[in-house]
Amino acid sequence: QVQLLESGGGLVQPGGSLRLSCAASGIIFSINSMGWYRQAPGRERELVASITSTGRTNYADSAKGRFTISRDNAKNTVDLQMNNLKPEDTAVYYCKADRGWRGYWGQGTQVTVSP
């Protein structure tokens with residue numbers, strides 16, 4: 001009952017930047033944490049960054065200092081600003097929202113970092 005739509009992925013050169021956006025719709029009342037995960041080919045899906053409704057953030061070590069997660073509760077969106085991108089950041093990035101005991105996933109957006 002929570003629908004998530006990601007946007008903003010694309011092809012970027014190393015050192016470049018991208019801004020991912022996720023819009024939530026449906027039953028969004030009481031959504032607690034929202035976050036961005038990524039999954040590269042042959043790898044497990046991993047947390048990149050998360051943010052609670054009160055603004056508490058958590059980042060993967062690889063994202064600290066380069067990525068910034070933000071949330072607009074009024075617009076029901078969560079963004080991920082990615083700077084100084086590296087080839088190892090290449091993955092499908094997924095938005096996730098937690099409401100109650102359940103988690104909801106977006107369809108994913110491809111991020112490719114390559115010369």
Name every residue in region 66-102 that is touching a strand residue (DSSP E or B) at 6+ places or on another chain (Cβ under 6 Å), modelled with pLDDT under 95 and open to solvent by 40 Å² or more (accessible area, probe 1.4 Å), in order of residue number.
-> Arg71, Asn76, Asp98, Arg99
Among what's in region 20-31 and is on the phi < 0 side of the Ramachandran plot, out of contact with any Asp or Glu (no Cβ under 6 Å at 6 or more places or on another chain) and not aromatic (Phe, Trp, Tyr), pick the residue that is most open to solvent (accessible area, probe 1.4 Å).
-> Ile27
Quick one: what pairs do we get from region 1-22, first residue modelled with pLDDT of 95 or more and among the acidic types (Asp, Glu), second assigned to a strand (DSSP E or B) and open to solvent by less than 60 Å² (accessible area, probe 1.4 Å), C-beta under 8 Å, 6+ apart or different chains?
-> Glu6/Leu20; Glu6/Ser21; Glu6/Cys22; Glu6/Tyr93; Glu6/Tyr94; Glu6/Cys95; Glu6/Thr109
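Kindly check whether there is at least one residue in region 4-15 that is part of a loop (DSSP other than H, G, I, E, B) and under 15 Å from Tyr94 (Cα atoms). Walk me through it before giving the result.
Pass one, region 4-15, residues part of a loop (DSSP other than H, G, I, E, B): 8-9, 13-15.
The next check asks that each one be under 15 Å from Tyr94 (Cα atoms); those that pass are 8-9.
Taking every residue of region 4-15 in turn, at least one turns out to be part of a loop (DSSP other than H, G, I, E, B) and under 15 Å from Tyr94 (Cα atoms).
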Which one of these does Ala63 not meet: (1) open to solvent by 40 Å² or more (accessible area, probe 1.4 Å); (2) in a loop (DSSP other than H, G, I, E, B)?
-> (1)
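The values are calculated or read from the model by the stated rules, or taken from the named source; none is laboratory data. This is a predicted model, so every value here is computed, not measured. No Cβ is skipped: glycine too gets one built from the backbone with ideal geometry, and neighbour counts run over all protein chains shown. Quick note on the areas: whole protein, heavy atoms, side chains included, nothing else; ligands and nucleic acids left out. Shrake-Rupley method; radii C 1.70, N 1.55, O 1.52, S 1.80 Å.
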